[in-house]
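Nothing in this text is a laboratory measurement; each read-out follows from the coordinates by a stated rule. Quantities reported herein were computed from a predicted structural model and do not represent experimental measurements.
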Amino acid sequence: MHETAGRMIATGRVVLSAALFACLAGFGGCGGRKESDVSPAERTGGGTAADSGRASEIDRAPRADPTVPPGKPALAPERDPYHPPPRDTVSATVYTGWKYYNHDCARCHGQDAEGSTIAPYLINSFRTGRVDHEEYWRVMRGSRAANGMPSFTGSLDEDKLGAIYEYLKARSEGKVHPGRPVVTPS
């Protein structure tokens, strides 16, 4: 398989297929071509733009980066509507809390601590004061095991649990919005 992939890269088929995908997916870089203008060989990766006589159209395509030399495929934009840039810059502790929350808590409490059919909306629990620092630690140590909330004693160390608390507190105070935050540069 590596040998086949190497031949495809050497002949430019993989690169062309990526450029063609970007064109058909609406990222630009196809010189105004429509899907109906694409040959069956190009669709399957079995031919190149030069094989189909369309190399000049791809070479004239607008480029996202003017430093890309002619003949190289234009790159897709860095962001798209489905992957917006992060909105918040947070401390390393809050970022660590976000990571561990998503790894260990989100499956029950929902993405971004917004609740689910299984477990409560933690942002509201923190905002209303039903969960404060002391209650958080009681719950993490097993005070609600009878209600289905597992104890994290022994599975996550105190620093990670503390980071999750800081993340949830920041979410409840509106300092961190839904989605992935970025760590403050040090």
The set of residues whose placed amide H lies less than 5 Å from the amide H of Val183, leaving out same-chain residues fewer than 5 positions away, is Val90
Scaled radius of gyration (Cα, divided by 2.2 N^0.38 Å) that the range 89-183 gives: 0.98
Enumerate the calculated ³J(HN,Hα) couplings along the range 110-122 in order (Karplus 6.51 cos²θ - 1.76 cosθ + 1.60, θ = phi - 60°), each rounded to whole Hz, writing x wherever the residue is Gly or Pro. x, 4, 6, 6, 9, x, 7, 6, 9, 9, x, 6, 5
